[in-house]
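These notes are about the structure you will find just below.
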Amino acid sequence: MSASASEPVPVPELPGGVDPAWLPPAVFRPLGSRRTLISGTGPLVDTVHGEVAYACARFGGRVARGVRAPGVSYDVVLEVGEGGDRDALGDEGFALVRAGGVTRVTAGGQAGLLYGLFHLVRLGEAAFRGERARETHRPALALRMLDHWDNVAVHPVMGQVERGYAGGSLFWRDGLARSTPEELARVRWYGRLLAACGVNAVAVNNVNVHEAEARLLTDRVGEVAAIADALRPYGIRTHLSVSFAAPMGLGGLPTADPLHEAVTDWWAETTGRVYAAIPDFGGYVVKADSEGQPGPFAYGRSHADGANLLAGALAPYGGTVHWRAFVYDHRQDWRDRSTDRARAAYDHFAPLDGEFAPNAVLQVKHGPLDFQVREPLSPVIGAMPGTRLAVEIQATQEYTGQQRHACWLGPMWSEALRFRPEGEGRPSVGELARGGGLVAVSNAGDDPFWTGHPLAQANLYTVGRLAWRPDADPRAVLREWIELSFVPEETAGPERLRGGLHAVLDGSWRTYEKYTAPLGVGFMVQPGHHYGPSVDGYEYSPWGTYHFADRDGVGVDRSRATGTGFAGQYAKPWAEVYESPGTCPDELLLFFHHVPYGHVLHSGETVIQHIYDTHFEGVAEAEEARRVWAGLVGLVDPARHARVAERYEEQVRGAREWRDHINTYFFRKSGVPDARGRRIH
Ligand code: GCW
């Protein structure tokens, strides 16, 4: 499982041509040019030892393990603490202090030492200057997870990675687990990147479980074990998505009824075998009764019955089931105005509060619909105080430009995590997620830049850092990412480089919002692949995502008074804020209300003029970002620069297409001309 005690675990070699992302060797110079003493035992301490040895080999420093050599002084001490420290810091926390010329990281446990090491890397020279009063760091959320929607075999429609925009899977290739030394080194490198931003769990296969994925649970579990071996040195536990119907498909039982004894037994035995192969296995992720996946409804059982079945099988081993709340009717009749997809998760799950087992986590998408560029918070998150909740966000940019457009989602996720479902003075979403954690759908793949668009690496990094501290300032997180990835050492023009990167990324989410579907109404994308505009693409479809535009107005009436009643799923004050167009925030107006084009927003503009203005602005901002990026040539690694430059061409083209579709559509519907007389087609 791991190297024997006190042996450094070597840093994996980055396969040729692969971008080092936020761990270019130069970030290790400050640490690697000093003398470090490491004390503590265990596999993650061995990893830390390997990291420091790697840094020292490059930059001339020295590392010793265990006891201080007589007469030698150290600049850095990395130690796993004893007694009180352990309790106060938890396994993943650490304290940092600098006194008398020594920088000391005291961790509560092995994992804390790993996070303390990467904290020093982030601080760079600043970690080794002057004095520093003792500060403690502990993750706010115990579970910081990435879900991979990776198919084992290439799916005829979804390809190797469902909603993947970064090439193939890091774990699977054409039906098999990746297994060459180079491929496994890449998986380890992925684990290294994740540990450096604080992620500690990965689910390795798609929640839509096809035949090949299903068998990972049984006869193919060895392939999962090999991935787990590669991720373990970086403190990452491996999880598996499973099919609720596995007892039938794999076990040959006539039923998957969660209350049937044979089914319980099958899960217990199967889970025992998984743990025999992977002793620190994290648990299961389940998409049940959702978009065609099997689930407990077929047996007249509740989702608590379903989740508790798997929780029961995992409990003896300390595993967790992540049960997704993404349950809705995807065969809706668009003529049926009584059904509202936004209501579905709350309607299904809120009544089950308190019924889930202690090791069951309900995994809730942050918005009530589906990862649109703008949604209100899912009302489920404030409504289940007796349930462990995980908040699910989407790093893969399914609806936010598919990693062809630069769209840094930090501010959006931060807004969701800082939102207070019961108003001021009550807990934030970040606090409510303490029981379950933060889960992001990964945006990484086997692309040389990991994420297709090199700037999309910022999203992956931000996931980990916000999971560690949900109330962190997202811009500070972006700054960290920029410093590590682009300015690890004094380069020519670092200020211009920093400024340019902030200029193109800080506001990129709002830019994307401006040129796509307006005022929270969502979708308007091309069906199936979801890239590019198609205003009515989903309007007469069974998917429940409508905008109801006609000649008079647009938007979905979700008020209690006259609409679907969705606004009533919120606690006060939000139920009242969202209920009326007079108090509803502009950016969510069309999510909650159907209003005439002449409706005046809080901004003072009419809805129709807002649509025109934001679409022209959004394109101008995309063009400006392309120009700023072009000006950074020579300051950025040429391959990265070229890839991003190429993506900006597509972003500007795409933004113009969005602008022209949306503006023309609403001009034709409303007949209202642009007050500024610009050309609308
Ligand atoms: O956003 C939708 C995607 C599906 C995905 C589903 C889900 C994995 O279009 O591709 O399926 O959400 O979250 O389960």
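The values are calculated or read from the model by the stated rules, or taken from the named source; none is laboratory data. In this text, all values refer to a predicted model and were calculated from it rather than measured experimentally. Because the Cβ atoms are built from the backbone with ideal geometry, glycine has one as well, and the counts that use them run over all protein chains shown. Protein only, heavy atoms only, side chains kept; ligands, DNA and RNA dropped before computing areas. Shrake-Rupley method; radii C 1.70, N 1.55, O 1.52, S 1.80 Å.
The residues listed here are Asp219, Asp229, Asp265; of these, the one that is open to solvent by 20 Å² or more (accessible area, probe 1.4 Å), over 20 Å from the mean Cα position of the chain (by Cα) and under 30 Å from Leu466 (Cα atoms) is Asp229.
The set of residues in the stretch 380-434 being under 18 Å from Ala201 (Cβ atoms) and not aliphatic (A, V, I, L, M) consists of Arg388, Glu392, Gln394, Thr396, Trp413, Gly430, Arg434.
The set of residues in the stretch 345-355 that are surrounded by 24 or more Cβ atoms within 10 Å (Cβ to Cβ) and touching a Leu at 6+ places or on another chain (Cβ under 9 Å) contains only Phe349. With respect to the conditions (1) among the aromatic types (Phe, Trp, Tyr); (2) over 29 Å from Gln394 (Cβ atoms); (3) within 16 Å of the ligand (Cβ to nearest atom), Trp149 falls short on a single one, namely (2).
When residues in the stretch 397-425 are screened for being within 16 Å of Trp468 (Cα to Cα) and either without any contact (Cβ under 8 Å) to a residue 12 or more places away in the chain or open to solvent by 10 Å² or more (accessible area, probe 1.4 Å) (or both), 4 of them pass.
Candidates in the stretch 331-346 are the residues that are in contact (Cβ under 8 Å) with a residue 12 or more places away in the chain and acidic (Asp, Glu); of these, the one that is farthest from the ligand (Cβ to nearest atom) is Asp333.
When the criteria are applied in full, Val199 meets the requirement of being within 20 Å of the chain's Cα centre (by Cα), more than 16 Å from the ligand (Cβ to nearest atom) and under 23 Å from Ala395 (Cα atoms). The single residue among Val636, Val644 that is touching a Pro at 6+ places or on another chain (Cβ under 8 Å) and buried (at least 19 other Cβ atoms within 10 Å of the Cβ) turns out to be Val644. Scanning the stretch 666-681 for residues that are surrounded by fewer than 20 Cβ atoms within 10 Å (Cβ to Cβ) and part of a helix (DSSP H, G or I) yields Phe667, Arg668, Lys669. Of all residues in the stretch 380-393, exactly one satisfies the criterion of being within 16 Å of the ligand (Cβ to nearest atom) and either open to solvent by 10 Å² or more (accessible area, probe 1.4 Å) or among the small types (Gly, Ala, Ser) (or both), namely Ala390.
Considering Tyr328, Tyr275, Tyr317, Tyr299, the condition of being aromatic (Phe, Trp, Tyr), buried (at least 23 other Cβ atoms within 10 Å of the Cβ) and in the same structural domain as Asp257 (by TED's automatic domain parsing) is satisfied by Tyr328 alone. The condition of being within 18 Å of Trp189 (Cα to Cα) and within 16 Å of the ligand (Cβ to nearest atom) does not hold for Gly464.
Taking the criterion of being within 16 Å of the ligand (Cβ to nearest atom) and over 11 Å from the mean Cα position of the chain (by Cα), would at least one residue in the stretch 419-442 satisfy it?
No, every residue in the stretch 419-442 fails to be within 16 Å of the ligand (Cβ to nearest atom) and over 11 Å from the mean Cα position of the chain (by Cα).
Annotation: of all residues in the stretch 348-379 being assigned to a helix (DSSP H, G or I) and in contact (Cβ under 8 Å) with a residue 60 or more places away in the chain, the one that is nearest to the ligand (Cβ to nearest atom) is Pro379. Within the stretch 281-330, restricting attention to residues that are of a type in the set (D, E, K, R) and on the phi > 0 side of the Ramachandran plot, the residue that is nearest to the ligand (Cβ to nearest atom) is Glu291.
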